[in-house]
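Inspection log for the structure reproduced underneath, given as structure tokens.
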Amino acid sequence: MTSDDVLAEFRSAGALLEGHFVLSSGLHSAVFLQKMAIFTDPVRTARVCSALAERITARYGKVDYVVSPAIGGIVPGYETARALGAKAIFVERDPGKPFALRRGFQIPKGARAVMVEDIVTTGLSSRECLAALTQEPGEVVGAACLIDRSGGKADLGMPLVALVTLDIPNYPADQLPPELAAIPAVKPGSRALPVG
Ligand SMILES: O=P(O)(O)OC[C@H]1O[C@H](OP(=O)(O)OP(=O)(O)O)[C@H](O)[C@@H]1O
Ligand SMILES: O=C(O)c1cc(=O)[nH]c(=O)[nH]1
Ligand SMILES: [Mg+2]
């Protein structure tokens with residue numbers, strides 16, 4: 001799948017939204033990739049995740065585990081794991097706490113794992129996911145995502161394979177361009193907004 005093919009999937013699924021969005025990082029943007037519009041369609045999800053799995057195998061070789069950050073990473077992590085012939089596990093947060101593996105999930109000794117994100121903007125969620133895995137007996141060999149909207153600038157501290165790389169502008173709340181400031185903001189993701 002080329003980048004254009006993947007973007008065509010997002011477009012035809014209605015996953016490319018324009019407006020005023022508050023992202024997980026607290027930054028604001030005029031563009032939001034509503035990945036759930038892809039993930040509600042298992043056939044479409046399988047198409048993009050199979051393509052991601054091919055990139056993962058080409059870059060990292062055989063992997064045994066896919067680990068994803070909840071909530072957005074769970075479906076693509078599972079579907080990518082299916083294409084890789086790997087197991088799928090995820091990290092999740094109790095309110096106010098960092099990501100952690102729960103439910104008996106672990107990366108066993110000798111296993112090779114890849115972290116699979118849906119969207120990378122600043123890389124914060126990916127880094128927090130990776131931080132939750134440092135004590136695992138198995139090895140995290142790299143990271144992957146469907147869309148890296150940082151233009152390749154997000155630093156995860158390890159290699160990142162992206163199906164599509166875009167460079168989409170983000171703005172701190174006190175530096176909004178006038179066209180964004182004029183529209184009420186919506187916060188689509190699951191990370192709690194800072195209080196105050
Ligand atoms: O690179 P970052 O700046 O961290 O942004 C990307 C993250 O934002 C979204 O998650 P979000 O926390 O909004 O919740 P969700 O997974 O429930 O959609 C998305 O799923 C990524 O995890
Ligand atoms: O940075 C985010 O929170 C984010 C951006 C985006 O385009 N899509 C998404 O689900 N999250
Ligand atoms: Mg997420």
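The values are calculated or read from the model by the stated rules, or taken from the named source; none is laboratory data. Because the structure is predicted, anything quoted here is derived from the model rather than measured. Backbone-built Cβ (ideal geometry, glycine too); neighbour counts: all protein chains shown. These area figures cover heavy atoms from the full protein model, side chains too; ligands, DNA and RNA do not enter into them. Shrake-Rupley method; radii C 1.70, N 1.55, O 1.52, S 1.80 Å.
Can you tell me the 0 to 90 degree angle between the C-alpha axis of helix 3-12 and the longest principal axis of the chain, rounded to 10?
60 degrees
Can you tell me, using C-alpha contacts under 8 Å and at least 6 residues apart, the relative contact order of the chain as a whole percent?
Across the chain, relative contact order equals 24 percent.
Out of Asp174, Asp118, Asp64, any idea which swings most in a Gaussian network model of the chain, alpha carbons joined below 10 Å?
So, out of Asp174, Asp118, Asp64, the one fluctuating most is Asp174.
So who's got an amide H within less than 5 Å of the one on Gly142, skipping anything under 5 residues away but keeping other chains? H placed 1.01 Å off N, in plane.
Here Met115 satisfy the definition.
Say R0 is 25 Å: what FRET efficiency, to the nearest 0.05, do Ala131 and Leu166 get from their beta-carbon distance?
Between Ala131 and Leu166 the formula returns 0.50.
Computed FRET efficiency, Cβ-Cβ of Ala182 and Leu17, R0 25 Å: what is it to the nearest 0.05?
0.90
How large is Rg over Rh for the chain, taking Rg from the Cα atoms and Rh as the Kirkwood inverse mean of 1/r across Cα pairs?
Value, to two decimals: 0.96.
Where in region 39-79 does the label zone of Thr2 land, with the point 7 angstrom along Cα→C-beta and an amide N cut-off under 15 Å?
none
Which order do peptides 98-106, 121-129 fall in by mean Cβ count within 10 Å, highest first?
Highest mean packing first, the order is 121-129, 98-106.
Tell me, what ³J(HN,Hα) does each residue in region 90-106 have, in order and in whole Hz, if you take phi through Karplus 6.51 cos²θ - 1.76 cosθ + 1.60 with θ = phi - 60° and put x for Gly and Pro?
Here the 3J(HN,Hα) series is 9, 9, 8, 10, 6, x, x, 10, x, 4, 8, 6, 10, 6, x, 5, 7 Hz.
So for the chain: antiparallel DSSP bridges make up what percent, rounded to the nearest 5?
Antiparallel bridges: around 30 percent, rounded to the nearest 5.
When the accessible area of region 24-181 is split by element with a 1.4 Å probe, what percent falls to carbon and sulfur?
53 percent
Evaluate the distance, in nm, between pseudo-label points positioned 7 Å from the Cα of Ala70 and of Ala46 along their respective Cα→Cβ axes.
2.7 nm
Cα-based count: Lys pairs in the chain below 17 Å, eight or more positions apart or different chains?
Counting lysine pairs in the chain gives 4.
Would you mind getting the accessible area per residue of the chain, heavy atoms of the protein chains only, 1.4 Å probe, in Å²?
Result: 49 Å² of accessible area for each residue.
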